[in-house]
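For reference, the structure is listed below as structure tokens.
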Amino acid sequence: MAWRAMALCIQNSVSTASMPPMPADLLRLEAAPDYVDQVVRALVDAIAAGLFAPGERLTQEDIARRLNVSRQPVLQALRLLKKDGLVEDAPGRGLQVSPLDQALVVHVYQLRGALDRLAAGLAARRRAAIQPALVAAGRRAVRSRDVGAMIEADLAFHHAVYAASGNPLLAQAAGVPWQQVRRAMGAVLQRSAVRQTVWDEHEAIAAAIAAGQAAEAERLMDRHTSQAGEHMRRHLTLDVATEAHAGPLSGTRVARATRAAPAASVATGAPAPSPAARTRARTASASRRTETSRHASHR
């Protein structure tokens, strides 16, 4: 018995010695992931709203101050946005907002269309119910002409379809494309009306899913994303042509950023633009509308 007790003691000593020491306390994380996600969301919203224009330089200090956070989550958020293609290296050093690439938007809508079509078919095979409240919220957003609300309503509907598909990987796969979609939607909706049939299309898709009509749900979703992509491509092409015709002093960039600034300032804590800045923006916006009308009359 004594020999067995001694052997057990030696075995326990060896096992204990081979184990790594337990930490005295939890290791401090650099930044909570959800906190970084909040900064990412705020920056994507600001870019989509035009608060940060294409080519505008982004600094950690300025963003941290306006969001009232430390620089660490801002640094991590900017790295993620660079990976997703929303920001890029600026000349010299630092980062800037990436140009809105029309070819990229086309590619994004192609990918989004494939994912949405798959999600609609899977959801229909499960006869999932897409809440009518989502469609009602979308129609209210259109009536309000609130660009941010329209984007969020559209995003909520499509993510509901992803969730209804039963495949959790679909929403993850659609994450990066939807960031680019939100940006393209923001750029277009600030200067043109939403397609009148968007929420009728959403309602028809939801009905086909609830009825278990997989082929019809896929067809409707495919047509919906194709029309949305073409709408984006056409208006972005017109915007580029208009700005090129108006010249570098047209003020399009200033008007776009300033018009979105009051709403974005509430979210970020940044001061709203001054009355003088808003006046300059309105003047630039009026000049831009004149150029747009002139360009359209020659098409």
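The values are calculated or read from the model by the stated rules, or taken from the named source; none is laboratory data. Fair warning: this is a prediction, and the values are worked out from it, not measured in the lab. A quick note on method: Cβ atoms are made from the backbone with ideal geometry, for glycine too, and the neighbour counts reach across all protein chains shown. Remember, those area values only see protein heavy atoms, side chains included, never the ligands or the DNA or RNA. Shrake-Rupley method; radii C 1.70, N 1.55, O 1.52, S 1.80 Å.
Which residue out of 134, 115 is under 20 Å from residue 172 (Cα atoms) and of a type outside the set (S, T, N, Q)? Quick ask: steps written out before the conclusion?
Values: 134 fails: under 20 Å from residue 172 (Cα atoms).
Only one candidate qualifies: 115.
Tell me, yes or no, whether segment 134-155 has at least one residue that is outside any helix (DSSP H, G or I), surrounded by 21 or more Cβ atoms within 10 Å (Cβ to Cβ) and at pLDDT 95 or above.
No - not one qualifying residue is present in segment 134-155.
Return the only residue of 172, 213, 196 being out of contact with any Pro (no Cβ under 8 Å at 6 or more places or on another chain), open to solvent by 10 Å² or more (accessible area, probe 1.4 Å) and in contact (Cβ under 8 Å) with a residue 40 or more places away in the chain.
Numbers: 172 fails: in contact (Cβ under 8 Å) with a residue 40 or more places away in the chain; 196 fails: in contact (Cβ under 8 Å) with a residue 40 or more places away in the chain.
Only one candidate passes the filter, namely 213.
Residue-wise test of (1) open to solvent by 80 Å² or more (accessible area, probe 1.4 Å); (2) assigned to a strand (DSSP E or B).
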site: 64; (1), (2): no, no
site: 72; (1), (2): no, no
site: 75; (1), (2): no, no
site: 79; (1), (2): yes, no
site: 83; (1), (2): yes, no
site: 88; (1), (2): no, yes
site: 93; (1), (2): yes, no
site: 96; (1), (2): no, yes
site: 103; (1), (2): no, no
